[in-house]
Amino acid sequence: MGEVIDLSGDGGVLKTIVQSAKSNAIGPTESLSVVDVHYEGILAETGEVFDTTHEDNSIFTFELGAGTVIKSWDIALRTMKVGEIAKITCKPEYAYGSVGSPPEIPPDSTLIFEVELVACRPRKGASAGSVSDEKARLEELKRQREIAAAFKDEEKKKREEAKSAAAARVQAKLDAKKNLGKGKGKGK
């Protein structure tokens, strides 16, 4: 696994990247504050899974900074990019504190989440400009991916044609040798 990054500065929120995002991946911003995640939550003390989106392959959606999730998630998700999977270790003061979240999460529990950032997008009602800018940017990314895929397909086709031509030359040489061998010794 990757290095442990102290996101809170006091050891309260630790992040380890399990799978890096692609280099051109986007991350949450002020204008892209709604995030979609897959996750699994584990009690650090027992290793017991207390919550997961993997069983039903659901997506959990929330807005960063809106106070709808535990503090550690607001901190950690801001540092992620789409496609990244990270292990986030959360001390109680960055999770559910001394109260816990009964019955699944006892008081003063350290939690470990494996979180995948699936997408980030503007919140409903965001300014039309930021939405259209993001749409244009995503369209451009899609166009670039299509160009890259077409180039890749063309290169593959050229390699296959070269391979086929080389095989035909080898076969022609083999056939020529066979024919030479058959003609030897005849007529003497």
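For segment 78-85, the count of residues that are in contact with an Asp or Glu (Cβ under 7 Å, 6 or more places away or on another chain), over 12 Å from E116 (Cβ atoms) and open to solvent by 40 Å² or more (accessible area, probe 1.4 Å) is zero.
Scoring D10 on the criteria (1) touching a residue at least 40 places away in the same chain (Cβ under 8 Å); (2) farther than 14 Å from I112 by Cα; (3) open to solvent by 70 Å² or more (accessible area, probe 1.4 Å) leaves a single failure, condition (1).
Of the residues making up segment 30-50, at least one is more than 14 Å from V118 (Cβ to Cβ), in a loop (DSSP other than H, G, I, E, B), at pLDDT below 95 and touching an Asp or Glu at 6+ places or on another chain (Cβ under 6 Å). Can you spot a residue in segment 21-28 that is free of Cβ contacts under 8 Å to residues at least 24 places away in the same chain and open to solvent by 40 Å² or more (accessible area, probe 1.4 Å)? Scanning segment 21-28, I find at least one residue that is free of Cβ contacts under 8 Å to residues at least 24 places away in the same chain and open to solvent by 40 Å² or more (accessible area, probe 1.4 Å), so the answer is yes. Within the option set S101, S72, being at pLDDT below 95, among the hydroxyl-bearing types (S, T, Y) and open to solvent by less than 50 Å² (accessible area, probe 1.4 Å) holds for one residue only, S101.
Kindly indicate whether G27 is among the small types (G, A, S) and either in contact with a strand residue (DSSP E or B) (Cβ under 7 Å, 6 or more places away or on another chain) or outside any loop (DSSP other than H, G, I, E, B) (or both). Answer is yes for this residue.
The values are calculated or read from the model by the stated rules, or taken from the named source; none is laboratory data. None of the values given here were measured: they were computed from a predicted structure. Here Cβ is always computed from backbone atoms with ideal geometry, including for glycine, and neighbour counts include all displayed protein chains. Ligands, DNA and RNA are excluded from the accessible area calculation, which covers all protein heavy atoms including side chains. Shrake-Rupley method; radii C 1.70, N 1.55, O 1.52, S 1.80 Å.
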